[in-house]
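A quick write-up on the structure given underneath.
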Amino acid sequence: MNATTASAAGTDTQPAPKKDFRFVLIAIVAGLGGLLFGYDTGVVAGVLLFLRDTFHLDSTLQGLFVAIALGAAAVGAAFAGALSDAFGRRTVLIITALMFVLGALLAAIAQNVPVLFVGRVLVGAAIGVSSMLTPLYLAEVSAAHWRGAIVTINQFYITFGIFVSYLVDYALADVTDGWRWMLGLGAIPGLILLVGMFILPESPRWLAGHNLLEKARAALRFLRGRSDVDAELAALHKDVVEEGRRAAPWSRLLQKDVRKPLIIGVGLAIFQQITGINAVIYFAPTIFQDAGLSSASVSILATVGVGAVNVIMTLVAMRLMDSWGRRKLLLWGLWGMLVSLVIIGIGFMVQLQGALAYVIVIMVAAFVAFFAIGLGPVFWLLISEIFPLAIRGRGASIATIANWVSNMVVSGIFLDLLLAIGRGPTFLLYAAMTVLAILFTLWIVPETKGRSLEQIESHLDAQPD
Ligand code: BGC
């Protein structure tokens, strides 16, 4: 069986799991993937302020500190599917959880830059693997009607993880060696994931796909909390065999009907990053200090506010996604991002005396709010909707890798870009990219609200090139 097609198919005949400890456990594991993604990427915002002093990192090395985890995440996301096809989802997730824990601890105790970086590489690779594999595993162990919710709540958990990391950053901002705790505390959700994965069984779908039917039966019995799972197992096995026959080769990605979804998925992945969101998410305290906020802890407090706005607006987006529609939210969000970025850029250029810091803080919050109702959640949702079934998982993973790579490039060069062209022009550059994102959306991004996945597929196919 192929990891990448499994999530899309699923068995629609499964009854909903009982709301007992298994339900709670699955719900916790569901959140942890996104939470760790958010925590471990967001936490660098506070850490950076310390590292500048502790290890005397210049702007290039600070950029590298951020980027190295993102590069590792791209590699992790690239290999997650194949590794979990070969060794099982559970085994790979257990190793991933171990990497989260070890990486966090290693970075926390690092006495020199190489050890610090190795720790972040481990954490980064773990983020990449889990950003692909947690939703896949959950889709395979859950009943069909859960799957949509898993996709949507993922973005909520990412923003929640970022928010928690900002709170931790704030609480520890004035503590000696606080950065060690900021990085080290990431080990806790990693540990919960590890314990959770030891209790949860291997995916029954994966077991059935490897002809381990007795084990698949035992896993289903555990997950459903009852012993009469024969019908479900039979349906599952039939489904997996059928899917094996349908699975398309990689060359399918080059065919005409996949071209458009691929352009949309990869395009939005790149635009999600080159419009500057993570320049703000990872470097907000640095930006606020540059704008004139007095101390590190005040800057981090303002950052906590931005994190809260991010979570709240993501909840708003989740409510509006099915009534307003993806395309409308995306366009509204992009226009709002554009206006905010232009004001930030001009604000820095004219050096608003005194008031600058406040204008920048408010506009940064507005920028994040508009990202959170549009480009943030819409990207992740669309890549799970627009690819033809036979290639859906692989299409989504290519878009995910493009997202991590663009994130790495943008975040890695942000500080050097500030030095080279200045703060104002840097944000105006992001504004220019947002104009391109608007044109791209108007040109090619379809409305998928209220359509079945099959209707989306035939709609995309019918559009002229
Ligand atoms: C993006 C992340 C970003 C986060 C901010 C996600 O959709 O993929 O790169 O840090 O949103 O909330």
### Query
Scanning segment 158-179 for residues that are of a type in the set (A, V, I, L, M) and without any contact (Cβ under 8 Å) to a residue 24 or more places away in the chain, which turns out farthest from the ligand (Cβ to nearest atom)?
Val175
### Message
Tell me which helices (runs of 4 or more DSSP H) are completely within segment 195-256 and hold 1 or more residues being within 24 Å of Ile95 (Cα to Cα) and in contact with a Leu (Cβ under 6 Å, 6 or more places away or on another chain), or say none if there are none.
### Response
204-209, 213-224
### Query
Applying the selection to segment 403-423, what residues are surrounded by 17 or more Cβ atoms within 10 Å (Cβ to Cβ) and away from the ligand (no atom under 16 Å from the Cβ)?
Leu415, Leu417, Leu418, Arg423
### Query
When you scan segment 393-402, how many residues do you find that are among the β-branched types (Val, Ile, Thr) and away from the ligand (no atom under 11 Å from the Cβ)?
2
### Task
Confirm whether Thr303 is in a helix (DSSP H, G or I), more than 30 Å from Lys260 (Cα to Cα) and within 16 Å of the ligand (Cβ to nearest atom).
yes
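Yes or no, residue by residue, for (1) farther than 30 Å from Asn112 by Cα; (2) modelled with pLDDT of 90 or more; (3) of a type in the set (Val, Ile, Thr):
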| site | (1), (2), (3) |
| --- | --- |
| Arg180 | no, yes, no |
| Ile188 | no, yes, yes |
| Ile199 | yes, yes, yes |
| Arg205 | yes, no, no |
| Asp228 | yes, no, no |
| Trp250 | yes, no, no |
| Leu254 | yes, no, no |
### Query
How many residues are touching an Asp or Glu at 6+ places or on another chain (Cβ under 8 Å) and either within 15 Å of Leu122 (Cβ to Cβ) or free of Cβ contacts under 8 Å to residues at least 24 places away in the same chain (or both) if we restrict to segment 53-83?
1
### Summary
Residues of segment 325-369 being of a type in the set (Phe, Trp, Tyr) and surrounded by fewer than 24 Cβ atoms within 10 Å (Cβ to Cβ), in sequence order, are Trp332, Trp335, Phe348, Tyr358
### Task
Give Gly276, Gly265, Gly307, Gly244 a once-over and let me know the one that is surrounded by fewer than 16 Cβ atoms within 10 Å (Cβ to Cβ), of a type outside the set (Phe, Trp, Tyr) and in contact with a helix residue (DSSP H, G or I) (Cβ under 8 Å, 6 or more places away or on another chain).
Gly244
### Task
Select from segment 313-349 the residues that are part of a helix (DSSP H, G or I) and either among the polar types (S, T, N, Q) or free of Cβ contacts under 8 Å to residues at least 40 places away in the same chain (or both) and write down the one among them that is farthest from Ala372 (Cα to Cα).
Ile343
### Summary
Reported set for segment 360-379 where residues are closer than 16 Å to Ala308 by Cα and either more than 10 Å from the ligand (Cβ to nearest atom) or touching a Leu at 6+ places or on another chain (Cβ under 6 Å) (or both) is Val361, Ile362, Met363, Val364, Ala365, Ala366, Phe367, Ala369, Phe370, Ile373
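The values are calculated or read from the model by the stated rules, or taken from the named source; none is laboratory data. Predicted model only: the values in this text are computed from it and were never measured. Every residue, glycine as well, gets a Cβ built from its backbone with ideal geometry; the counts of neighbours run over all protein chains shown.
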